[in-house]
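Below: the structure, in structure tokens.
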Amino acid sequence: MQEKDTTVSFSEQEQIRREKLAEIIDSGNSPYNITKFGKNADSDTIINNYEKYEGEKVLVAGRMMSRRVMGKASFAHIQDGSGLIQLYVKRDEIGTENYQIFKNYDLGDILGIEGTVFKTKTQEVSIHVLSIVLLAKCLKPLPEKYHGLQNTDLRYRQRYLDMIVNPEVKDTFIKRGKILSAIRDFLDSRGFLEVDTPILHTLETGAAARPFETHHNTLDIPMYLRIETELYLKRLIVGGIEKVYEIGRIFRNEGMSRYHNPEFTSIELYQAYVDYHEMMKITEELYEYVALEVLGTTDVEYMGETIHLKAPWPRVTMAGIVKEKSGVDYFDWKSDEEAREALRKLNIKTEKTDTKGHCLEKLFDEYVEDSLIQPIFIMDYPVEISPLAKRKADNPDLTERFEFFICKNEGGNAFSELNDPVDQRKRFEEQVRVRHMLGDKNSKVDEDFLNALEYGMPPTGGLGIGIDRMIMLLTNSESIRDVLLFPTMKPLD
């Protein structure tokens, strides 16, 4: 006898399903005693290769999603990993007792089927069932067929249910896998080496983002989940790996929105002896390659816009496009105070620590970003907001840095990497000083990274791309949560 679960209460439907399961177990036919089922075909393969399978005996398995009982015969559909296929179940073929058992199964139950392939009078490829076995009982009723699972919060929390009743969701994650494979193919074919670097760091360093903090019990020290992979990958450039990349999870203890999740997937890549112009070329060619591999086109539909990913993409400077859109010229400012005053006149909030560079960035956010629909490179960022980028030789207030934008959002960030250890130390120290002023007392200079730079890092181009945003674009997904299998959610309690 199956033991009753007394820790939770059940709906009427859930209780009925549990009673059915108890009867099956008491009869000695528990589905949980079955350890395997030798399926030899799936729905998509059978349907798309009907001539090969016609009249053949097959073993298929899947979740029952519909059933129509018509006296001595019934039709049903099962859903497997590749799609749906119809079953034709006849009482005289499987026997009266087994037919009654089949009629007692519930939608959502996982069945193993043996039968022969044929077409119905309406030309639907189907399986004429010879035997059925219950492989797992669905103890909760599925959402109503025609309305599906529409509550987005529930869909994100119960992705398994989302994929059962909204099959197109699974297609998004199949594409996600193909996109990741295409990225790797693109870089591997160009001689890049994929590596893994630490997720747990002993210092709060790197990008200007707040980390998640944890504690290592044995060492009795605080540790931080990484907010970038940059500094370790650059160490490998110092060590002689001239083309290197890492695809992995990044963790930032910051806000959540349509475009932000506390943990996300990024790729960072570095190539010795090239600059940020080569990184632009890699970026546009990567997007073009992935779009063609996964979608077969470089014209991508996203939220009602047709986005043209074919290379080359336009290249403009940050100061130039800010002047074009706002009328304010960065190069007219003589001091940081003059820059802050210019923003105050435009009713843009400033902080006492804002420099000319910070003010240029705020003007960009206010006047430019929302106008950037088609792919574009924004070049030459101020040094104050680019602590790891090399200064421009003709203007040391600016750096050889770009970000690219698609559909109003930044998709990636790249530099001609700073390889001057003296300049890098000054910038790290200034970054730490400002963070301390703003209350972040844990921020420290990464002395080991500076030590690596002192051994000599060749001129290097570096690039970071938010893969989740790329996947949003290529799957026409409105929210980052739509392309993360299990996005971060606030607990229900």
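The values are calculated or read from the model by the stated rules, or taken from the named source; none is laboratory data. Computed from a predicted structure; not experimentally measured. Cβ atoms come from the backbone with ideal geometry, glycine included; neighbour counts cover every protein chain shown.
Numbers below:
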item	result
Residue count for region 46-61, restricted to those that are farther than 13 Å from GLY115 by Cβ and buried (at least 16 other Cβ atoms within 10 Å of the Cβ)	1
Where ASN104 falls short, out of the listed (1) of a type outside the set (Asp, Glu); (2) surrounded by fewer than 19 Cβ atoms within 10 Å (Cβ to Cβ); (3) in contact with a strand residue (DSSP E or B) (Cβ under 9 Å, 6 or more places away or on another chain); (4) in contact (Cβ under 8 Å) with a residue 12 or more places away in the chain	(3)
Any hit, region 471-482, residues being surrounded by fewer than 17 Cβ atoms within 10 Å (Cβ to Cβ) and touching a helix residue (DSSP H, G or I) at 6+ places or on another chain (Cβ under 8 Å)	yes
Residue match in region 205-228 (condition: free of Cβ contacts under 8 Å to residues at least 24 places away in the same chain, surrounded by fewer than 18 Cβ atoms within 10 Å (Cβ to Cβ), at positive phi and part of a loop (DSSP other than H, G, I, E, B))	yes
Count - residues of region 444-466 that are touching a strand residue (DSSP E or B) at 6+ places or on another chain (Cβ under 7 Å) and surrounded by 21 or more Cβ atoms within 10 Å (Cβ to Cβ)	7
Any hit, region 293-316, residues being over 30 Å from GLU478 (Cβ atoms) and of a type in the set (A, V, I, L, M, F, W, C)	no
Answer residue from region 244-270, given it is crowded, with 18+ Cβ neighbours inside 10 Å and charged (D, E, K, R) and is nearest to LEU473 (Cα to Cα) among those	GLU268
Strands (runs of 3 or more DSSP E) completely within region 300-382 that count 2 or more residues being surrounded by 12 or more Cβ atoms within 10 Å (Cβ to Cβ) and among the small types (Gly, Ala, Ser)	none
Conditions (1) in the same structural domain as GLY81 (by TED's automatic domain parsing); (2) more than 30 Å from the chain's Cα centre (by Cα); (3) hydrophobic (A, V, I, L, M, F, W, C); number of the one not met by ILE110	(2)
Odd one out for ASP394 among (1) surrounded by fewer than 19 Cβ atoms within 10 Å (Cβ to Cβ); (2) among the acidic types (Asp, Glu); (3) in contact (Cβ under 8 Å) with a residue 24 or more places away in the chain	(3)
For PHE173: the one exception among (1) surrounded by fewer than 18 Cβ atoms within 10 Å (Cβ to Cβ); (2) in a helix (DSSP H, G or I); (3) free of Cβ contacts under 8 Å to residues at least 24 places away in the same chain	(3)
Region 305-341, residues that are over 27 Å from PHE415 (Cβ atoms) and touching a Cys at 6+ places or on another chain (Cβ under 7 Å)	GLU305
